[in-house]
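Q: Sharing a structure here in structure tokens format.
Where a number appears in this text, it was derived from the coordinates with a stated rule and is not lab data. Owing to the predicted nature of the structure, the values given are computational and were not obtained by experimental measurement. Every residue, glycine among them, receives a Cβ derived from its backbone with ideal geometry; neighbour counts consider all protein chains shown.
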Amino acid sequence: MKPFLKNLSDGFARIKTPSIMLMVLGFALLFVWQRAYTMSLSRKITRLENHLLELRADNSKKLIQIAHLTSPERLEELARQMCGLRYSRPQERICVVPKSENRKNPDSNWERSIFTIKDFFRQEWKKFVAVSSSKRWGLRNENL
């Protein structure tokens, strides 16, 4: 049995050296591949960080542009030039008072004038609505 074991151990010795060499070569190749992959990922991260910096710079430029385009001075100038708008004069201004349920009699002069104007327009509206639609639009035939 000893000669058989000796032959068997000699066979393993012959296989052991090339297998160790193959394992070392495999680990070396794995290490080189891992290093190359790590470097490619590093380059990709650098590229993405640069792109992110460009996007942030572009975003800040656009925010500045939005602030300029929506500035009240620019909008006022556009309204004046394109639409012909202007600030109202004091005599053109109307004061709107919210309707209060609990006050029937106004206390001050301006409240009385507002209530008077409101009543006037309410009566005019009732007259306007009372007119039939055919008369309002000038139609001759009452069936229409």
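Q: Residue by residue through the range 15-21, which ³J(HN,Hα) values in whole Hz follow from phi under the Karplus form 6.51 cos²θ - 1.76 cosθ + 1.60 (θ = phi - 60°), with glycine and proline marked x?
A: 7, 5, 5, x, 5, 5, 4
Q: Work out Dmax and Rg for the range 11-89 from the C-alpha atoms and quote the Rg first, both in angstrom.
A: Cα only, the range 11-89: 32.8, 111 Å (Rg, Dmax).
Q: Express in nm, to one decimal, how much length is gained between residue 50 and residue 68 on full extension, taking 0.36 nm for each residue of separation and deducting their alpha carbon distance.
A: Separation in residues times 0.36 nm, less the Cα-Cα distance, equals 3.8 nm.
Q: If you take the beta carbon distance between residue 124 and residue 89 as r and set R0 to 30 Å, what does 1/(1 + (r/R0)^6) give as a FRET efficiency, to the nearest 0.05?
A: Efficiency, from the Cβ-Cβ distance: 0.75.
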